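Structure record follows, encoded as structure tokens.
The values are calculated or read from the model by the stated rules, or taken from the named source; none is laboratory data. Being a predicted model, the structure only gives us computed values, none of them experimental. Counting neighbours? That spans all protein chains shown, and the Cβs are built from the backbone with ideal geometry, glycine included. The protein model used for the area step is the full one, side chains on, heavy atoms only, and it has no ligands, DNA or RNA in it. Shrake-Rupley method; radii C 1.70, N 1.55, O 1.52, S 1.80 Å.
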Amino acid sequence: MGTEERTPASATKRTTRSAVLSPPPKSSNHPSISDGFLFSGDRVSLDTLLSGLPGRRSQVLETLQLIGPVSSPMLPILVYGGASTGKTATVLRIFRHLHRPFVYSSCRTCYCPRVLFDSVLNQLLLHRRSDENGYASAKKCDRASDFVNLLRDALVRAINLIRAGSKEKTRVGEGEMIYLVFDNLEAVRSWDKGASVISLLLRLHDLLRMPEVGLIYISSATPDAYYGSTGSIEPIPVHFPDYNVNEVFDILMLNQTNPKLYSTFLSAVLKPFCRITRRVDELWIALKALFKKYCEPLSDLNVVPDEGMKRRLFNGIQPHLAAALNEVFYVPSYASLEEREGVNSRRGTVRKLSGKEVISDLDFHMSVSAKYLLISAFLSSRNPATLDAALFDSTGGSDNRKRKRRSSQMSIEKKDVVAEDMLIKGPGSFPLERLLAIYQCITSVMEGEFDEEQQPEDGVAMDGGKIGLMSDVLLQLSTLCNANFIIRSGTCPLEGSTRFRSTIDEDLALKVSRSINFPLAKYICRR
């Protein structure tokens, strides 16, 4: 673990993982074995490990049991779960507790097979790229077949170094095993020939046949995404479920300077935010700005609030709550543009929100991202899949320059018949992939139009409104399903995937689209 990309500190930069990371390695180009394979600092106890990972006690104990005692062979492990569920932080802290040698590589930081192979080999060979060696890797590896041979040689060398240190009483951690940790395994699927790389990584246990090597994979995708085509021993799955509200509360309370004040703040605002997302990283960012407003009336941040102060502090942030909820998943649109310019060009109900007038036809609250997802589901159920390519061009929008033809009496009657058929059949079902594709199209076209209007004079583009599928869209989908806006309509026997169906009518869809000023009528197929 001597390179810049091998350490967990540089491989993962999320806030939720930074607490487990050790100080940066020494500047020497030839790091010691301890610096290369272990966390620096003292070994943490089991109680400290469990207290630092709220809501993950069962997962920690299960992983420790699967890793086994010192120097005991183990089967591969697949740690999986949703985004920001503590998978990486848990695995890294477990190795800090066990004090055993390991090598960490993130398939997101290592964005292609060659970078990934070089990262693993450089760490095992205790090689650090620097100006002295021209930032070259220890071994050049371009092919997967070469990687297996080079990996076996590097592992033999590393294990011999660990055993030699044990004999000389300069012990390198506990035991004589070394563990390979591959994080963000789902990112490999987007690589060129990613399927073959995933198959290679999952077959390392059979290819290497080295009982001194343990393999741990971390992924946001379920085991079904990998099994079935490898023909090797399947890793033992360890599931990390989403946090509940109480677990999110305990995580956010860690390392607070004034726990009583922050606990009062979370008790007032956390539950509404958890209805939108339970990703700790997104909640931490959203609540950080809101907590500053919460503390503005206070001259002493170490004060312990009483009941009267709690009410005054909450009344101070209450006007900002709805705006903060909407900005958890921010998608730029004409609506936000008009709010900034103070232009109210649509009909609807006007209400004040953080000192701004916001127009909305809806009588219930819904985040902007959920509105786009609901519109995507309505279009997926309303329009046939064969017309997606015609309705959405390469930039994500629809072509407004279509030639209009005069409708004949026969075509009008035909449209009426088709409309009656659609009314009898009801909304159609659609797979998750189609829903996400339409969601990405309509959000990208709105972002593009927003950026064209908001291009600054110096030519530097704004980057505050970048959107995409990085938000927790699956959590939004689950929320819409629980609210019966979208229902699951069973599993297709041919595709083997769950299909969904939108339950809202066109009137409600138009209201939702008007609230974000989305031109829904352009995308509805009238036949």
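Tell me, in nm to one decimal, what length is gained between residue 256 and residue 433 on full extension, where the rule is 0.36 nm per residue of separation less the Cα-Cα distance?
Using 0.36 nm per residue and subtracting the Cα-Cα distance, I get 59.6 nm.
Are there chymotrypsin sites (Phe, Trp or Tyr not before Pro) in the range 126-211 that DSSP marks as loop and that have at most 15 other Cβ atoms within 10 Å, and which are they?
Those satisfying the criteria are 135.
With r as the distance between the Cβ atoms of residue 239 and residue 387 and R0 = 45 Å, compute the FRET efficiency 1/(1 + (r/R0)^6) and round to 0.05.
In this case the efficiency is close to 0.70.
Once you put a point 7 Å from the Cα of residue 146 and another 7 Å from the Cα of residue 48, both along the Cβ direction, what distance in nm separates them?
4.3
As a test question: what accessible area, to the nearest 10 Å², does residue 508 have when a 1.4 Å probe is rolled over all protein chains in place?
Estimated to the nearest 10 Å², residue 508 gives 40 Å².
Within the accessible area of the range 105-158, what % is carbon and sulfur when the probe is 1.4 Å and the other protein chains stay in place? Walk me through the intermediate numbers first.
Numbers: 1220 of 2570 Å².
Here carbon and sulfur together make up 47 percent of the probe-accessible area.
Go through 193/522; 260/511; 293/522; 87/288; 139/193 and tell me which ones have a Cα-Cα distance over 32 Å in this structure.
Among 193/522; 260/511; 293/522; 87/288; 139/193, the Cα-Cα distance tops 32 Å for 193/522; 260/511; 293/522.
Report the gain in length on full extension from residue 364 to residue 267: 0.36 nm times residue separation, minus Cα-Cα distance, nm rounded to one decimal.
Stretched fully, the residue 364-residue 267 segment lengthens by 32.7 nm.
Roughly how many Å is it from the Cα centre of the range 121-146 to that of the range 173-224, as a whole number?
Cα centres, the range 121-146 to the range 173-224: 19 Å.
Run the numbers for residue 306 and residue 246: contour at 0.36 nm per residue of separation, minus the present Cα-Cα distance, in nm. Intermediate values should be presented prior to the final figure.
On the way: separation 60, 0.36 × 60 = 21.60 nm, distance 2.25 nm.
Computed gain between residue 306 and residue 246 is 19.3 nm.
At what distance in nm do the modelled label points of residue 323 and residue 64 sit from each other, each positioned 7 Å from its Cα along Cα→Cβ?
4.7
Points 7 angstrom from Cα along the Cβ direction at residue 174 and residue 108: gap in nanometres?
So the two model labels end up 2.9 nm from each other.
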